[in-house]
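Okay, structure first, notes after.
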Amino acid sequence: MAKKSVLSGIQPTNQLHIGNYLGAIRNWLTMQDEYACYFMMVDLHALTLQQDPKALAASCYFGIASYLAAGLDAKKVTLFLQSHVPAHAELGWVLTCFSYMGELKRMTQFKDKSAKQGENIGVGLYTYPCLMAADILLYRPHYVPVGDDQKQHIELTRNLAERFNNRYAKNIFSVPHPFVGKVGARVMDLQNPGAKMSKSALNSKGTLFLSDSDKQITQKIKSAVTDSGREITSYGEASQGLMNLLDLYAAFAEVETAEVCAEFSGKTYGVLKVALAELAVAKIAPLREETLRLSAERGYLRGILQEGAERAAGVARRTLAEVYETIGLLS
Ligand code: TRP
């Protein structure tokens, strides 16, 4: 029986952070044997915001190097850049024509961003979910591992797939399921624990980047926002900031949060921060060093990306050809 497939992607804006690692990449690792996996850097999505060309290119290399350093095996999984497979942009246009203004306007991410940017918000930020739907539907994946902020986009993808299939009474697209890992859902900003950790947060002190030095990691954790309390009591009563630290400890240690609470119960926040900083450094440092080593090996990375793009394009092109034929575009 053919393996079920999964697909996911991360934007190459800035450096990857521990939310990407704990929430996304580490979940992907567990899937690489069981599923046919497609993991990409969604560089076309990054264009929804203005990018510095050199920094964008460097982030693409850094991102793929992080995937490999974390343990994804390029022989087992297909690693590629979205822009290397033209079918993404092509199907993205078709799906844009199948989407309604109303449904795109309802996307929470767009609403948040347009509230901040008003009328000058880029059109790309508005139509971005159509491109994301194309990324997904081209490969007919069963699961799409994402953080819970992306579930609404997967829901839209499912709607577009069904709308398309119904309109032509043909099963062209399979309807994908979101897969939200336990931790994936919620790695929060260290300075602003009400918000998800983000690459583009204004204050980088709240984000633990995979490229951070041991000193930066330690400082960021020590200055993480908690609350006016002193000692750890129970998870249920913990403030968002404290809960985030307990969750992070559990994620790095790969144990349940309840165990961490029991371990630190009655101890001060300071004790937890010191222990978390040590654990985070122990986990991030080897990943950082390997990522940096691999990011410099441009020829090697280009080889992997080329191979990945060829494999991905083979699948994507076939789906796109079926779509074009179905809607009446001549081959
Ligand atoms: N929108 C996703 C994010 O910002 C990234 C993304 C683009 C993606 N295309 C995708 C994720 C396809 C999963 C599948 O996190």
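Throughout, read-outs are computed from the coordinates displayed, never taken from laboratory work. These numbers come from a predicted model, not from an experiment. Here the Cβ is made from the backbone with ideal geometry for all residues, glycine too, and neighbour counts use every protein chain on show.
Summary table
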quantity: Angle in degrees between helix 53-70 and the longest Cα principal axis of the chain, rounded to the nearest 10; calculated: 70
quantity: DSSP-loop GluC sites (Glu not before Pro) across the range 116-199, with at most 12 other Cβ within 10 angstrom; calculated: none
quantity: Projected label distance in nm at Leu279 and Ala321, using a 7 Å step from Cα toward the beta-carbon; calculated: 5.1
quantity: 0 to 90° range, to nearest 10: angle between helix 269-295 axis and the chain longest Cα axis; calculated: 40
quantity: Relative contact order (%) - the range 190-229, alpha-carbon pairs under 8 angstrom, separation at least six; calculated: 47
quantity: For His17, distant residues with modelled amide H under 5 Å away; calculated: Leu210
quantity: Length added when fully stretched, Arg163-Lys205, from 0.36 nm per residue minus Cα-Cα; calculated: 10.8 nm
quantity: Length released on extending from Arg293 to Ser174, taking residue separation times 0.36 nm less the Cα-Cα span; calculated: 38.9 nm
quantity: Packing rank of 58-71, 264-277, 92-105, where each peptide gets the mean count of other beta carbons within 10 Å, highest leading; calculated: 58-71, 264-277, 92-105
quantity: Degrees between helix 108-117 axis and first principal axis of the chain (Cα, 0 to 90, nearest 10); calculated: 80
quantity: Highest-MSF residue in the chain out of Val255, Val225, Val281 [GNM, Cα springs under 10 Å]; calculated: Val255
quantity: GNM top mover of Gln51, Gln117, Gln152 - the chain, alpha-carbon springs below 10 Å; calculated: Gln117
quantity: Rounded to the nearest 20 debye, dipole of the range 204-292 from Cβ charges on Lys, Arg, Asp, Glu; calculated: 420
quantity: Mean ellipticity per residue at 222 nm, deg cm²/dmol - from DSSP H runs of n ≥ 4 across the chain, formula -39500 (n - 2.57); calculated: -16500 deg cm²/dmol
quantity: Partners for Lys220 among aspartates and glutamates (Cα-Cα distance below 15 Å; same-chain residues under 8 apart left out); calculated: Asp189, Asp212, Glu278
quantity: GNM top mover of Leu279, Leu320, Leu81 - the chain, alpha-carbon springs below 10 Å; calculated: Leu279
quantity: Computed FRET value (nearest 0.05) for Asp214 with Gln152, which takes r as the C-beta separation and R₀ as 30 Å; calculated: 0.20
quantity: Under 19 Å from the Cα of Lys4 - aspartates and glutamates, other chains or at least 8 residues apart; calculated: Asp33, Glu34, Asp73, Asp135
quantity: Pairs beyond 23 Å (Cα-Cα), from Lys196/Lys267; Lys182/Lys215; Lys151/Lys182; Lys113/Lys151; calculated: Lys196/Lys267; Lys182/Lys215
